[in-house]
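S.K.: Quick one: structure below, then a few questions.
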Amino acid sequence: MPAWASAARRTRRGSPHGRGSVLRVFIADDSLGFGTLAAAWLEGYDDIEVVGAVRSADEAIAQVEAARPDVVILDRLLPQPEHSEQVAQHVRARLPDAAILLVSGMPDEDLAGEARSAGADGHVSKAANADALAEAVRRVAAVRSADDAA
């Protein structure tokens, strides 16, 4: 286990939604800084476990299925939009119950349209703080669960 993950586990925050289950999260982002920070932040919550983190579309496609995530955090530009679309299509085909959370450095109002066209369940700006990122993960997981139950 990476040092940042064990340190984050020692300072875990409680689950504000009261669910007992742990959300499994896979991060696909070509930015080492954001990917590392997001993983460290999310590992700080009792109800979220980071099960994989990669920096390319090829790595994501090769590893996401074995990780069996509930939520895939997907960079809009991995490093190009078509790479993100390939990952999203792979996730939808192989892991239809997994939610996709699109992340980007672009403003939220622009990202909302991009997320819808990419087939994502939601979006969040890379400028979000730890609590906002964790809440976005929970929100897309809940939306996907509700869609699957319908």
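Since every read-out is calculated from the coordinates, none of them should be taken as a lab result. Note that the coordinates shown come from a computational prediction; the quantities given were computed from them, not determined experimentally. Note that each Cβ is placed from the backbone with ideal geometry, even for glycine, and that neighbours are counted across all protein chains shown.
S.K.: Quick one: which residues, 5 or more positions from residue 73 or on another chain, have an amide H under 5 Å from its amide H? H modelled 1.01 Å from N in the peptide plane, none for Pro or chain starts.
M.R.: Amide H neighbours of residue 73, under 5 Å, 5+ apart: 26, 27, 28, 101.
S.K.: What is the mean projected area of the alpha carbon convex hull for the stretch 20-149, to one decimal in square nanometres? Please list the in-between numbers first.
M.R.: On the way: hull surface 27.7 nm².
Dividing the Cα hull surface by four gives the mean projection, 6.9 nm².
S.K.: In addition: Within 10 Å of each residue's Cβ, count the other Cβ atoms and sort 135, 82 from fewest upward.
M.R.: Going from least to most buried by this count: 82, 135.
S.K.: Also: Could you give the size of the charge dipole of the stretch 20-149 about its Cα centre, using +1 on the Cβ of each K and R and -1 on the Cβ of each D and E, expressed in debye and rounded to the nearest 20?
M.R.: Working: 11 positive and 23 negative charges, 31 e Å.
Rounded to the nearest 20 debye, it is 140 debye.
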